[in-house]
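The block underneath contains the structure these notes are about, expressed in structure tokens.
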Amino acid sequence: MVPPRPFVMMCALAALASGAIDASKLQQTLGSATVAANAKNYDLAQSKLDLLVEQIGQWRAVLAEKKKEAEAPAVPEAAPEPPAESVPFSINSTHIPAKCPRKSVEGAVMKVHYVGRLIKNNKIFASSFHTGSMPLRFVLGTDDVVAAWNQGLLDMCEGERRRLMVPWDLGYGEKGGKGVPPYSDLQYDFELVELSLPKIPKGKKAKSEL
């Protein structure tokens with residue numbers, strides 16, 4: 001028994017609204033059935049309606065599967081774990097200028113060019129050259145930067161270049177950061193462009209004089 005046409009139309013419109021079917025094929029089948037019915041070719045019209053019901057049945061099965069997938073509980077992603085081994089922290093001066101009248105100390109204002117890479121794939125995640133080649137300004141020994149910078153950029157001369165190998169716990173830690181996955185070991189290359197030592201109150205001596 002062929003379903004009444006209003007029922008078929010309702011199913012077809014529902015399938016169209018769902019976005020789960022090819023609307024052009026549905027419209028073509030409906031159009032062929034209408035033309036056949038107007039021409040009083042009822043056998044052909046019924047065969048087109050049978051085809052339409054078959055197509056709708058297929059689409060209903062697709063929708064049921066999609067609904068099942070949508071209602072299935074999401075599988076939680078495994079939390080990242082720290083690596084079994086981590087790179088040891090190291091400081092390597094790749095260039096030291098001939099003259100070094102002053103060196104960086106805690107509290108100094110530093111302006112550096114730098115490039116940061118993920119050790120696991122050598123991908124650059126941060127660079128001062130991505131900001132119009134303007135050096136980054138920060139105060140050494142503060143929370144402006146990761147812990148490795150505060151340790152690895154002490155006693156540095158203007159014009160000096162250094163490479164730091166940074167274990168994850170001195171970088172962005174277990175949470176990671178922008179472009180840095182959790183527990184990532186890092187490599188930084190620096191050039192100290194400008195150094196301003198902190199002002200020492202009158203009557204006090206610098207640490208280097210103690």
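The values are calculated or read from the model by the stated rules, or taken from the named source; none is laboratory data. What you see is a predicted model, and the numbers here were worked out from it, not measured in a lab. Cβ atoms come from the backbone with ideal geometry, glycine included; neighbour counts cover every protein chain shown.
Residues considered: Lys48, Lys40, Lys66. Of these, the only one that is among the basic types (Lys, Arg) and not in a helix (DSSP H, G or I) is Lys40. Within region 138-165, being within 21 Å of Val193 (Cβ to Cβ), crowded, with 16+ Cβ neighbours inside 10 Å and of a type in the set (A, V, I, L, M, F, W, C) holds for Phe138, Val139, Leu140, Val145, Val146, Ala148, Trp149, Leu153, Met156, Cys157, Leu164.
For region 85-109, the candidate set comprises residues that are of a type in the set (A, V, I, L, M, F, W, C), closer than 22 Å to Ala147 by Cβ and in a loop (DSSP other than H, G, I, E, B); within that set, the residue that is nearest to the chain's Cα centre (by Cα) is Val87. Based on this model, can you work out whether Gly152 counts as within 16 Å of Phe190 (Cα to Cα) and in contact (Cβ under 8 Å) with a residue 40 or more places away in the chain? Spelling it out, Gly152 is indeed within 16 Å of Phe190 (Cα to Cα) and in contact (Cβ under 8 Å) with a residue 40 or more places away in the chain. Among all positions in region 128-136, there is at least one residue which is out of contact with any Pro (no Cβ under 9 Å at 6 or more places or on another chain), closer than 22 Å to Leu197 by Cα and touching a residue at least 24 places away in the same chain (Cβ under 8 Å). Check whether at least one residue in region 127-135 is surrounded by 14 or more Cβ atoms within 10 Å (Cβ to Cβ), assigned by TED's automatic domain parsing to the domain that holds Cys157, in contact with a helix residue (DSSP H, G or I) (Cβ under 7 Å, 6 or more places away or on another chain) and closer than 30 Å to Pro167 by Cβ, and report yes or no. Within region 127-135 (the criterion being surrounded by 14 or more Cβ atoms within 10 Å (Cβ to Cβ), assigned by TED's automatic domain parsing to the domain that holds Cys157, in contact with a helix residue (DSSP H, G or I) (Cβ under 7 Å, 6 or more places away or on another chain) and closer than 30 Å to Pro167 by Cβ), the answer is yes, since at least one residue qualifies.
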